[in-house]
Amino acid sequence: MTALTRHRDRWISLGVFLVLALIWQVLSVVYTAEAQPGEPMVAGWQVLFTHTLLSLSDYWPGGWGVPAVSEGAPRSYLAAVLSIVVHSADTIGRLAAGMALGGFAGLLLGLAMSWSRWTRRLVDLPIQFLRTLPLLAMVPLFQLWFGTDYMGEVMFVAYGIGVIVFAGTVNAVRNIPPIYLDNARALGASQTMLYRSVILPAIFPAMRSVILLSLGAGWGAVLGAEYLGAQSGLGYIIVYAQQFAFLDRMFLVALLFILYTSVSYWGISRLSARMLAWAPPAQRQ
Amino acid sequence: MSPPVDRRMIELANVQRTFKRGDGTTVQAISDVSLTVPEGEFVCMIGTSGCGKSTLLSMVAGLLEPSDGSIVVDGREIDGPGRERGMVFQKDSVFPWMRVIDNVEYGLKCRGVPASERRAIARTYLQRVGLAHVETAWPRELSGGMLKRVAIATVFANGGKVLMLDEPFGALDYVTRHQLQDVLLDLWDETGGKAARRTILFVTHDVDEALSLADRILVFGTGRLVDDLRVDAPRPRDTDSLLQPDMVAIKHRLLGHLGLERPTGRAVARGTAA
């Protein structure tokens with residue numbers, strides 16, 4: 001019954017997806033305004049997967065036996081696909097490194113808030129201070145400090161994620177039922193043991209939604225950082241395309257984003273659901 | 001029953017505990033309690049809700065500090081929780097993220113007992129509480145009564161000399177409660193007979209439960225120890241034991257303390273006779 005329902009749900013989702021694609025196509029036929037000659041505001045699928053895709057080979061820096069367009073080579077689908085792969089890898093790499101760094105630091109600092117009165121005093125004020133800084137206002141500063149190529153973006157994402165994970169961790173630790181802490185202490189758990197075997201697993205269900213939340217913020221942060229000065233990555237392609245009003249390229253990259261964010265959400269929620277085998281089903285959704 | 005030569009296991013001297021309320025007033029939860037419990041005794045603590053018996057238990061467990069007075073367990077003044085004391089809580093305390101056997105092993109793991117040894121100990125106690133078949137289950141797959149069995153197996157496996165149980169069976173149904181009382185008494189009796197018995201402090205609301213389990217019943221009222229009764233009925237106790245005249249007399253006296261019977265007439269006559 002449930003398998004059947006799930007099966008049907010999938011068909012419905014696919015149907016919705018196709019209808020949306022169709023609406024877009026109809027829109028491209030009906031609304032023919034152009035941003036500049038040869039650049040429609042709404043590009044139909046037949047344009048997106050031929051002309052637009054091909055044009056992405058402009059961003060291929062060359063190498064691996066495939067010459068770059070800037071070196072005088074003609075556009076090719078191979079260069080376009082390579083270009084997508086390389087720029088996506090840059091963006092995803094920055095995102096992953098930033099999330100790992102920020103997530104780890106946020107978790108550690110969040111745990112420090114409850115470790116002892118000393119660590120609490122040490123961490124509390126500086127973090128509260130950092131939290132109030134608007135994220136986007138910090139982009140130029142981070143790029144001047146850490147460079148525009150890689151570290152700047154990574155640090156920026158780490159900062160954005162770290163603040164969220166910190167707040168989530170503090171909150172999750174506060175919500176652990178005291179009975180588990182009492183029980184562990186009564187059974188003789190040391191402080192380290194308590195954190196490793198009780199606090200970390202106990203906050204995991206709550207941290208799962210924090211991670212998913214920060215993943216969205218992470219995608220936003222890495223793009224924001226790339227808009228403002230990176231020389232590669234999907235954000236760079238969007239900004240470059242904007243300068244020449246290449247709306248079709250921007251739309252194609254946006255589609256890539258939808259794909260990547262969906263896959264990353266799906267992956268993380270699948271992985272964490274598996275790690276939550278012990279939890280009641282409601283917490284694994 | 002217990003001769004005076006018995007070793008003192010728990011000694012409370014003038015223990016007090018005050019709490020500060022949100023509005024700034026202080027509440028005296030425990031005022032000046034002194035008592036001694038010899039090794040191996042099964043003590044039930046009874047009293048109306050809010051009389052301070054759970055507070056006292058938490059202090060002996062080391063989870064709460066007394067505001068004044070001293071608590072000595074096994075000849076040593078306590079400072080925080082210790083491995084010689086184990087606690088079974090009223091609420092479910094079994095860690096949901098560990099499988100049943102890992103829960104039972106937890107205390108041993110904290111003490112650094114080698115993996116194979118602690119697994120063997122945990123298996124023994126799981127078997128004795130009748131849960132050998134759910135060793136690798138997640139706690140969420142267990143019923144409330146089974147979770148209590150896991151909690152009991154855990155504290156017994158940890159090897160404490162003093163076990164404290166804070167209304168452990170309060171939330172369970174009648175049948176399960178009686179099964180678990182038997183499980184507890186079986187474990188308490190151990191193999192070595194009286195000499196190997198652990199000292200038990202058992203907080204309960206249930207007069208019949210106290211009568212069927214205890215060697216001694218301590219009655220609390222508004223933070224004070226108001227009565228200290230011996231229960232000398234032979235073990236194992238059954239339905240008939242609870243109907244013996246001296247048991248009925250104790251029951252009347254307990255019900256009087258709990259405000260369920262007016263201390264007049266027959267009840268008092270029997271109570272004083274006991």
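Straight-distance candidates among the lysines for linking to B:K109, with alpha-carbon spacing under 27 Å and chain neighbours fewer than 8 residues away dropped: B:K91, B:K148, B:K161. Per residue of peptide B:88-97, the mean number of Cβ atoms on other chains within 10 Å of the residue Cβ is 6. For chain B, place one equal point scatterer on every Cα, skip the solvent, and apply the Debye formula. What is log10 of I(q)/I(0) at q = 0.08, 0.17 Å⁻¹? For chain B, the Cα-only Debye profile gives -0.34, -1.44.
Pairing chain A with chain B buries about 2000 Å² of accessible area. This figure sums both sides and uses a 1.4 Å probe. Of the chymotrypsin sites (Phe, Trp or Tyr not before Pro) found in the stretch A:15-93, those that fall in a DSSP loop while having at most 10 other beta-carbon atoms within 10 Å are A:Y31, A:W64. A dipole drawn for chain A from +1 and -1 charges on Cβ atoms has a positive end, and of A:L223, A:L109, A:I161 the residue lying farthest that way is A:L109. Rounded to the nearest 10 degrees, the inclination of helix A:117-131 to the longest alpha-carbon principal axis of chain A is 20 degrees. Rolling a 1.4 Å probe over the heavy atoms of the protein chains gives the protein assembly as shown an accessible area of 51 Å² per residue. Each principal axis of the Cα atoms in chain A has its own extent, and those three values, largest first, are 74, 57, 37 angstrom. With the highest mean first, a sort of the peptides B:123-132, B:150-159 on other beta-carbon atoms found within 10 angstrom per residue produces B:150-159, B:123-132. Only helices enter this figure: runs of n ≥ 4 DSSP H residues, each worth -39500 (n - 2.57), summed and divided by the residues of the protein assembly as shown, yield -17000 deg cm²/dmol at 222 nm to the nearest 500.
From the Cα gyration tensor of the stretch A:11-111, with a ≥ b ≥ c the square roots of its eigenvalues, which class applies: rounded if a/c is under 1.5, or else prolate if a/b is larger than b/c, or else oblate? Note, shape of the stretch A:11-111 comes out oblate.
Looking only at the protein assembly as shown, where both bridge partners belong to it, what percent of the DSSP beta bridges are antiparallel (to the nearest 5)?
55 percent
Across all Cα pairs in the stretch A:53-122, the calculated P(r) in 10 Å bins from zero up to the longest distance comes to 20, 27, 16, 13, 12, 11, 1 percent per bin.
The distance linking the stretch A:164-195 with the stretch A:33-104 is 47 Å (Cα centroid to Cα centroid, whole angstrom). Connecting C-alpha atoms closer than 10 Å in a GNM of chain A, tell me which of A:I238, A:I176, A:I92 has the biggest fluctuation. Comparing A:I238, A:I176, A:I92 in the GNM, the peak value goes to A:I176.
Computed over the protein assembly as shown, the convex hull of the alpha-carbon atoms projects to a mean area of 37.1 nm².
The values are calculated or read from the model by the stated rules, or taken from the named source; none is laboratory data. Just so we're clear, the structure is a prediction, and the values are computed from it rather than from any experiment. Note: ideal-geometry Cβ built from the backbone for every residue, glycine included; neighbour counts use all protein chains shown. Keep in mind that these areas ignore ligands, DNA and RNA; they rest on the heavy atoms of the full protein, side chains included. Shrake-Rupley method; radii C 1.70, N 1.55, O 1.52, S 1.80 Å.
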